[in-house]
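**Student:** Take a look at the following structure, please.
None of the figures in this text is laboratory data; all of them are computed from the coordinates on show. All figures in this text were calculated on a predicted structure; none of them were measured in a lab. Methodologically, a virtual Cβ is constructed for each residue, glycine included, from the backbone with ideal geometry; neighbour enumeration extends over all protein chains shown.
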Amino acid sequence: MDVQHNVAVSVLHPSNEALQLAYQQVCTSYHNVEDFRARLLGIIPGVTAGSFIATIASNPEKSAALTNLVFPFGILGALVVLGLFFYEIENLRRSTMLTLRGQWLEQAMNIVGPFAPYPDNVFNARDAAAIIYSISFAGWVCIALWFPLPGIAIYITLLVLIICAALSFPYMRTLQTRIHQEYSGTRNRALPHEQV
């Protein structure tokens, strides 16, 4: 009977060591997610730009095979970027949830750390990701259309860029807001040491 009481007390009032261990795990997970996101955001535009330059610099009259491969290669690149954008959305979800858990743990330990709330900036990682993925997707569309539609490929690309940006910016912002709302119950619940 006494053992059950001690277990209940330890669950309601976790030790500082338990809180610090959980906090360290949240910090490590958060940094892993953010590091992976940053690497992707650095690689994707470089690959897109390199492919775009190679396509523009090539001479379609010298190689008919190149001309025939550019369209499927561009479509494949656009689909890969779209898939990575969906993965970015999942990473944004993970990052936001880890931030909320980190804030909760910082509050429980009565510390101010890297998860402390701060006002939303005009320039932030979420919007930078939306810009990079929109431009990269549009770039691959341009590569795909460069030889088949040489006169209008740029105009179609600009239209695709505008549509991608118009969809991705509000979607990612809404997603992050929704995650905050879903987990606000966790943040508004009493801290373990405040529960009775």
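**Student:** Give a residue-ordered list of calculated ³J(HN,Hα) values for segment 85-93 (Karplus: 6.51 cos²θ - 1.76 cosθ + 1.60, θ = phi - 60°; whole Hz; x for Gly, Pro).
**Tutor:** So the J values, rounded to whole Hz, are 5, 4, 5, 4, 4, 5, 5, 4, 4.
**Student:** Put +1 on the Cβ of every Lys and Arg and -1 on every Asp and Glu Cβ in segment 13-190; which of Pro72, Val141, Thr174 then has its Cα farthest towards the positive end of the dipole?
**Tutor:** Result: Thr174.
**Student:** Now a separate question. Using only Cα atoms, locate the centre of segment 73-142 and the centre of segment 151-176, then give the distance between them in Å, rounded to an integer.
**Tutor:** 17
**Student:** Expressed as a rounded percentage, what relative contact order does segment 13-190 have, with Cα pairs under 8 Å and six or more residues apart?
**Tutor:** The value is 33 percent.
**Student:** Taking only DSSP H segments of four or more residues, each worth -39500 (n - 2.57), what value at 222 nm results for the chain once the sum is divided by all its residues, to the nearest 500 deg cm²/dmol?
**Tutor:** Theoretical 222 nm ellipticity from helices: -28000 deg cm²/dmol.
**Student:** Provide the per-residue ³J(HN,Hα) series for segment 172-184, in order, calculated from phi with Karplus coefficients 6.51, -1.76, 1.60 and θ = phi - 60°, each as a whole number of Hz, with x at glycine and proline positions.
**Tutor:** 5, 5, 5, 4, 5, 5, 5, 4, 4, 5, 4, 9, 5
**Student:** Work out the FRET efficiency for Gln181 and Ala65 from their Cβ-Cβ distance, taking R0 = 41 Å, and round it to the nearest 0.05.
**Tutor:** Result of the calculation: an efficiency of 0.20.
**Student:** Further question on the same structure: Taking Cα atoms, how many degrees apart are the long axis of helix 125-145 and the longest axis of the chain, rounded to 10 and kept between 0 and 90?
**Tutor:** On a 0 to 90 degree scale, this one is about 20.
**Student:** Applying the Karplus parametrisation 6.51 cos²θ - 1.76 cosθ + 1.60 with θ = phi - 60° to the phi angles of segment 114-124, what ³J(HN,Hα) value in whole Hz is obtained for each residue in order, glycine and proline being reported as x?
**Tutor:** Running phi through 6.51 cos²θ - 1.76 cosθ + 1.60 with θ = phi - 60° gives x, 8, 4, x, 9, x, 5, 7, 5, 9, 9 Hz.
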